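Worksheet for the structure shown next.
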Amino acid sequence: FGSQSATTGDAPFAAKVTITDGSDLFSGDVTVHYRKPDGREQSPVTVRGGRERIQMPGSGTWELYARHGTTQSAVTSVDASDPSVTLTIPVETTLTVVDASDGGPLPDVTARTEGEVVGTTDSNGAVTIEPPADGGDIDIELSHDRYSVATQRVRFRQDERPTVKLDRRN
């Protein structure tokens with residue numbers, strides 16, 4: 001009596017998608033892409049404010065990922081039995097380096113992680129650091145021939161703009 005598709009999970013369903021930067025809801029526009037595991041891509045959906053219900057056009061398992069600019073989240077699966085998914089997009093962070101004594105910007109400071117140079121500060125003392133593949137936090141070593149070396153823990157979150165003060169060498 002009645003339709004069995006609703007009770008067997010054969011019907012289309014709405015995925016509850018949450019998009020974060022690793023700690024907070026993603027505030028910018030993000031496109032969410034979804035496809036069947038065999039690769040049939042559907043038209044992406046634009047999400048604003050970090051949350052959206054997206055209607056999956058059929059039953060079964062769907063793979064979802066979010067993209068903002070050139071950065072994207074990992075691919076995550078969702079189905080009607082577990083329709084909630086959180087997609088994390090790590091974002092680049094701009095680090096500003098200043099002189100500890102006068103607060104002036106420091107150009108030509110080298111930023112390294114695990115011995116590899118990831119950038120050099122510009123005339124405003126700023127360097128943009130790309131997130132690692134896993135989007136986790138990293139330690140950045142900052143060095144300049146006239147200043148003491150400093151290490152800064154960098155989090156890849158929206159609106160994260162840390163400032164590091166370097167002490168002059170005697």
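At a glance:
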{"item": "Estimated [θ] at 222 nm from DSSP helical runs (n ≥ 4, -39500 (n - 2.57)) normalised by residues in the chain, nearest 500", "result": "-500 deg cm²/dmol"}
{"item": "Virtual spin-label span in nm between Arg153 and Glu116, 7 Å along Cα→Cβ", "result": "2.2"}
{"item": "Accessible surface of the chain [probe 1.4 Å, protein heavy atoms]: carbon and sulfur percent", "result": "43"}
{"item": "The stretch 40-105 - convex hull of the alpha-carbon atoms, volume per residue in Å³", "result": "130"}
{"item": "Relative packing of 81-94, 47-60, which averages over residues the other C-beta atoms within 10 Å, highest first", "result": "81-94, 47-60"}
{"item": "Share, in percent, of DSSP beta bridges within the chain that are antiparallel, nearest 5", "result": "80"}
{"item": "Whole-Å distance, taken between Cα centres, linking the stretch 64-108 and the stretch 119-142", "result": "12"}
{"item": "Distribution of pairwise C-alpha distances over the stretch 1-113, 5 Å bins, in %", "result": "2, 10, 18, 17, 12, 9, 8, 6, 5, 4, 3, 2, 1, 1, 0, 0"}
{"item": "Point-to-point label distance, Arg168-Ser81, nm (Cα→Cβ direction, 7 Å offset)", "result": "6.7"}
{"item": "Accessible surface, the stretch 15-170, averaged per residue in Å² (probe 1.4 Å)", "result": "54"}
{"item": "Alpha-carbon spread of the stretch 78-133, three principal axes, descending order, Å", "result": "58, 24, 16"}
{"item": "Potential extension, Arg161-Asp108 segment - 0.36 nm per residue separation minus Cα distance", "result": "17.3 nm"}
{"item": "FRET efficiency, 1/(1 + (r/R0)^6) with R0 25 Å, evaluated for Gln72 and Asp139 via beta carbons", "result": "0.55"}
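The values are calculated or read from the model by the stated rules, or taken from the named source; none is laboratory data. The structure displayed is predicted, hence computed values, not measured ones. Virtual Cβ from ideal backbone geometry, glycine too; neighbours counted across all protein chains shown. Heads up: the accessible areas ignore ligands, DNA and RNA and are worked out on the full protein's heavy atoms, side chains in. Shrake-Rupley method; radii C 1.70, N 1.55, O 1.52, S 1.80 Å.
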